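Data block below; observations after.
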Amino acid sequence: MLPIGVLDFLDLKWQSTGGVSVGCDDPAVPTDEQNLAWRAAQAFLTAVDSSMGLHIRISKGIPVAAGLGGGSADAAAVLLALNHMLEDRLQMSDLKTMARTLGADVPFFLYQKPALARGIGDDLVQVDGLPDFPVVLIKPPLAVSTRWVYESLKLTRKRSRIKLPTFVARPWQLREVMENDLESVTLKSYPVLGEIKAWLIQNGALGALMSGSGPTVFGVFQERRHADQVGVLAERRWPDCWAIATQVFGNAAVKIE
């Protein structure tokens, strides 16, 4: 798992009335207990036995239902921000335990560093020494059910050919290590994703892959300038899609003030 420069911005403020409230500039985002940021705040305040009220304002930069972990990132950001606001009331180990109850991807966003995710995704091995890969992301206007993808996936006992030491030693030889088993389900039902992958490769990507269960597809490039150029081309070639050029980050992606 890799942190990238596509971000939501969260503003947390104490409020006189008790409880947690959420506002968002994207109407597709729930603002009640279905929202992971709401659940994270409620879990944290309960853990520290606080009766203070909190309002969370979310400005979306990560598309909804894109397979990019937007909701999980927001939940982790709330845990970190509240702990900062309450002068580090909890240890990081406490936050990680809490994050696991919210979702398998949430612990990753607490650390905001490249990591190998094992188990259901919450057993993390942090990875150092990777470059800031330039990437282009393209998300078609599709809604893909993660549950449907996993229920349709035929599990096998094959061992992955990807070895972490090999990847770290040769990080730019990407095609031999890029694989996503979930593509076997999603690409069959949504052939446009395969077309986007092929288009990214044709335009110079070192490798292209679907993110998570989709529908976002990303391509990795050697140089940021090239990625920026392809990002502009993607907006023209795929006008109905969300497209952006950005990069992988090894440092903190959530800014707390």
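General observations
- Among residues other than Val48 with Cβ under 12 Å from its Cβ, the summed charge is -3 (Lys and Arg +1, Asp and Glu -1).
- Angstrom value of the Kirkwood radius, inverse mean 1/r, which spans all Cα pairs in the chain: 19.3
- With coordinates expressed along the principal axes, the C-alpha atoms belonging to the range 163-257 extend over 34, 33, 29 Å, beginning with the largest.
- Normalised Debye scattering of the range 107-203 at q = 0.16, 0.17, 0.20 Å⁻¹ gives log10 I(q)/I(0) of -0.99, -1.12, -1.44, counting only Cα atoms as equal scatterers and leaving out solvent.
- Coupling constants for the range 69-84 follow from the phi torsions by the Karplus curve (6.51 cos²θ - 1.76 cosθ + 1.60, θ = phi - 60°), and in residue order they are x, x, x, 5, 5, 5, 4, 5, 4, 5, 4, 5, 5, 5, 5, 5 Hz; glycine and proline get x.
- Simple Cβ-charge dipole of the chain, Lys/Arg +1 and Asp/Glu -1, about Cα centre, in debye nearest 20: 940
- Each of Val185, Val64 was scored by other Cβ atoms within 10 Å of its Cβ. Listed from fewest to most, they are Val64, Val185.
- In a reduced charge model with +1 at each Lys and Arg Cβ and -1 at each Asp and Glu Cβ, the range 66-168 shows a dipole moment near 780 debye about its Cα centre.
- In the structure shown, the pairs Lys96/Lys154; Lys13/Lys139; Lys139/Lys188; Lys96/Lys197; Lys13/Lys96 are assessed against 28 Å; a Cα-Cα span above that value is assigned to Lys96/Lys154; Lys13/Lys139; Lys96/Lys197.
- Ordered by the count of other Cβ atoms within 10 Å of each Cβ, fewest first, Glu33, Glu235, Glu183 give Glu33, Glu235, Glu183.
- Interchain or long-range residues, amide H under 5 Å from Val144's placed H: none
- Counting 0.36 nm for each residue step from Ala198 to Arg100 and taking away their Cα separation leaves a gain of 31.7 nm.
- In the chain, the DSSP-assigned H stretches of four residues or longer account for a calculated mean residue ellipticity at 222 nm of -10500 deg cm²/dmol, using -39500 (n - 2.57) per stretch and the full residue count as denominator.
- Three principal axis extents of the range 9-117 based on alpha-carbon atoms, in descending order, are 37, 34, 19 Å.
- Alpha-carbon centroids, the range 63-140 and the range 226-244: separation in whole Å: 27
Since every read-out is calculated from the coordinates, none of them should be taken as a lab result. Every value quoted in this text rests on a predicted model; they were computed, and no experiment measured them. Quick reminder, even Gly has a Cβ in these numbers, built from the backbone with ideal geometry, and neighbours come from all protein chains shown.
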